[in-house]
Amino acid sequence: MATIITKEQQEKEKMVTLVSSDSEKFVVEQKVAEKSHVIKMVMNCCGIESPIPVRRVKGDILKSILEYCEKHSKGEAQEVMEKWDKEYMDKAEKDLVFFHDLMLASHFLHIQELVDLIAVTFAGMLKMKSPEEIRQKFNINNDLTKEQEEHIMTTFGWAFQPI
Amino acid sequence: MLADNLDLLLEVLSLLPTRSLIRFKSVCKRWHLVISDPYFIKIHTNRCNPYAMSGFRFSNQEVDRCYLLGGAHASASASAPDLFSLSILKDDAESLKVVGNYRLYCCRSFYALLICPLMLSRSELVYEFIYIFNPVTKQFKRIPYVDPERYFSDIILTPDHKVIMFSTHFIHYYDADIRMYIPDTQSWKTLYSFGYHKKSRNFESIFIQRKGIFLNGTVYQVMEYETIPETTLKFPFCRKLYIFSFNLESLSAQKLLLPLDFYQENLYFGEIQGHLHLIMQQSIFDFVFHIMEIKEDFSGWNFLHCIGLSPIHVALGEREEDYELFLTLVIPRYWPAYTCGLTKIFSYNIVSNTYREIQEVSNEEEGRYGGYYGAFRIKTYYPMLTTP
């Protein structure tokens, strides 16, 4: 029994330093950083003594991601987690650029749970929108010709009707 | 932005309902390409949870009577969407110079694909082709129907798009079989034949109901077996209803008799989350329905619930996403006192044992399409991007 406790304590003490693209430093527990598949691989081969650079991710994004990883490494009840996830998403989706970067970063760091969560929230945002609203929101150029657009409208008219 | 990373775009788009995706085809060329791509269609089809999607309801016999359900649970609006127009198939039939008048209708649907036989009116029940059609993407495949001595009783589509047909002989009703379509040779291969079971000189017949489903390599079908003793030719006929199961790999067949004491016309047979369910009306005079499940080893029935519906009854169900069965209920014209004849569509939740009314079909509507019996043909349909 005693040995197990000390092992746990030892593991708790194992901290790792992550450095974002704008040189901001974050010191987190190893098990928190392990949530990212990519960082886990780096830690396995290079050890945790020297700081690990995360060059493609900015400080504010990395902070938000680590906040998620920390919460999810605690193993709390599912209901608590779901509620927390919802609040986390509500906060993140307010700023579209931030939200998008968060998704790219979690994809880059290979945190599949977070990618899934963001994708579901994203899909929810898009679901009821019209093509025009989508183009505006994401700054997409409409490169379809008038005929192509009209063809889609006439062939699939039902999808454009309000429910 | 979102379009920069293809992985993420796929991830997000594959979570959207079909209706939104069809609309988003007109966002830009890139999105159009992604949504039309077979790989994407495959991911999307696998992710689709048909019970959480918006659906359409269609009548088996008449294609022009389709309703759009705004979400699987909202009440229906009466505007028939162009989704259900079979004009593309009609154009195809015209281009093939089909002789004489023909009738094209929709009889079943699997994985958002409609099975549409083309029937020639110059002689009863002769089929020329069977179309497999996705009304969402407007793609179709044509399958020849070769045997002029038989008519098809039911067609089942497996997830890997094998076409399984139950066919019956025109004159000898006991002569029924199960066939599979071989695309390479464009022909049908007989897998199982019921005809060999005729032993006595009694009049025997097998009626195959159009309720077949496919689950874990096995097709299931509701069948009716009737014998009339040659000596009497009188009532009572011996009539048995059973579920017939046929495994496509081992080619083994099994039978399971239906519980007897129920009114057997108004029944629902379907699959939810890997379990086979049957809903039967207790008797023609009341609105008590029994919900049963087939035991895993196909040895008998588990009785799950019994629900009593009455026209005055207010449906109580919650809005649930999963595990819902659609139940078509007909309240006969003569009840009460010849004043109302209504078809109601109920949605029943198998987990919470609750139900609610989704829609009422008016008198005239119902009358036009076969009245009391027409209502049983109402099915739900969920649009998906599946390619035939």
The residue that is least open to solvent (accessible area, probe 1.4 Å), considering only those in the stretch A:130-150 that are among the charged types (D, E, K, R) and within 7 Å of another protein chain (Cβ to nearest Cβ), is A:R135
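When the residues of the stretch A:116-129 are narrowed to those that are of a type outside the set (D, E, K, R) and at the interface with another protein chain (Cβ under 7 Å from one of its Cβ atoms), which ends up surrounded by the most Cβ atoms within 10 Å (Cβ to Cβ)? Reasoning before the result, please.
So the first thing to find is which residues in the stretch A:116-129 are of a type outside the set (D, E, K, R), and the list is A:117-126, A:128.
Next cut, at the interface with another protein chain (Cβ under 7 Å from one of its Cβ atoms) only: A:119-120, A:122-123, A:126.
Values: A:A119: 20, A:V120: 15, A:F122: 24, A:A123: 17, A:L126: 20.
Only one residue fits best here, namely A:F122.
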If we ask which residues in the stretch B:1-31 are within 7 Å of another protein chain (Cβ to nearest Cβ) and in a helix (DSSP H, G or I), their number turns out to be 12
| field | Flag if B:I279 is modelled with pLDDT under 85, open to solvent by 40 Å² or more (accessible area, probe 1.4 Å) and either touching a Cys at 6+ places or on another chain (Cβ under 9 Å) or of a type outside the set (G, A, S) (or both) | value | no
(1) within 14 Å of chain A (Cβ to nearest Cβ); (2) more than 20 Å from the chain's Cα centre (by Cα); (3) buried (at least 16 other Cβ atoms within 10 Å of the Cβ); (4) at pLDDT below 70 all hold for B:V98 apart from (1)
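Here are some residues: A:M81, A:M153. Which one is within 11 Å of another protein chain (Cβ to nearest Cβ) and surrounded by 13 or more Cβ atoms within 10 Å (Cβ to Cβ)?
Details: A:M81 fails: within 11 Å of another protein chain (Cβ to nearest Cβ).
Just one listed residue meets the conditions, A:M153.
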Counting only residues in the stretch B:282-299 that are open to solvent by less than 40 Å² (accessible area, probe 1.4 Å) and aromatic (F, W, Y), the one modelled with the lowest pLDDT is identified as B:F287
If we ask which residues in the stretch B:113-131 are modelled with pLDDT of 80 or more and open to solvent by 10 Å² or more (accessible area, probe 1.4 Å), their number turns out to be 1
Quiz prompt | A:M81 vs. criteria modelled with pLDDT of 85 or more, among the hydrophobic types (A, V, I, L, M, F, W, C) and in contact with a helix residue (DSSP H, G or I) (Cβ under 6 Å, 6 or more places away or on another chain) | solution = no
Of (1) at pLDDT 90 or above; (2) farther than 27 Å from B:D4 by Cβ, A:K12 satisfies every one except (1)
In the stretch A:86-113, anything of a type in the set (A, V, I, L, M), open to solvent by less than 30 Å² (accessible area, probe 1.4 Å) and within 12 Å of another protein chain (Cβ to nearest Cβ) is listed as A:L102, A:M103, A:A105
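The values are calculated or read from the model by the stated rules, or taken from the named source; none is laboratory data. What you see is a predicted model; the values in this text were computed from it and never measured. All Cβ positions, even for glycine, are placed from backbone atoms using ideal geometry, and neighbour counts span all protein chains on display. Remember, those area values only see protein heavy atoms, side chains included, never the ligands or the DNA or RNA. Shrake-Rupley method; radii C 1.70, N 1.55, O 1.52, S 1.80 Å.
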